[in-house]
Amino acid sequence: MSIGVVCELTGLTERKIRYYEQRKLIFPDRTKGGNRRYSFQDVEKLMDIHQKMQEGFNTVELRESPRSHRRRCTPIYP
């Protein structure tokens, strides 16, 4: 699906979605023309990333292995 559809499904802006991609948190497929194509798994991951960011996690922490998030009790606030 296109980034516009993902925006409608998640409530996120295109800028925020692209930021998460720049930070290497999501990896959407690309068409031959270079357009992003998102899967339903990408949408779920975006919603999870956004929720964790709201809880105080930063992008470096989110790039860590999933196990580190399970062990962690409280987020670090900047």
May I ask you to list the residues in segment 6-33 that are over 26 Å from PHE57 (Cα atoms) and open to solvent by less than 100 Å² (accessible area, probe 1.4 Å)?
THR31, GLY33
Take segment 34-69 and flag every residue that is modelled with pLDDT of 90 or more, open to solvent by less than 70 Å² (accessible area, probe 1.4 Å) and assigned to a helix (DSSP H, G or I).
ASP42, VAL43, LEU46, ILE49, HIS50, LYS52, MET53
Restricting to segment 21-33, name every residue that is within 16 Å of CYS7 (Cβ to Cβ) and assigned to a strand (DSSP E or B).
none
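The values are calculated or read from the model by the stated rules, or taken from the named source; none is laboratory data. All values reported here derive from a predicted model rather than from experimental measurement. In this analysis, Cβ positions are derived from the backbone assuming ideal geometry, glycine residues included, and neighbour counts consider all displayed protein chains. Accessible surface areas use protein heavy atoms only, side chains included; no ligands, DNA or RNA. Shrake-Rupley method; radii C 1.70, N 1.55, O 1.52, S 1.80 Å.
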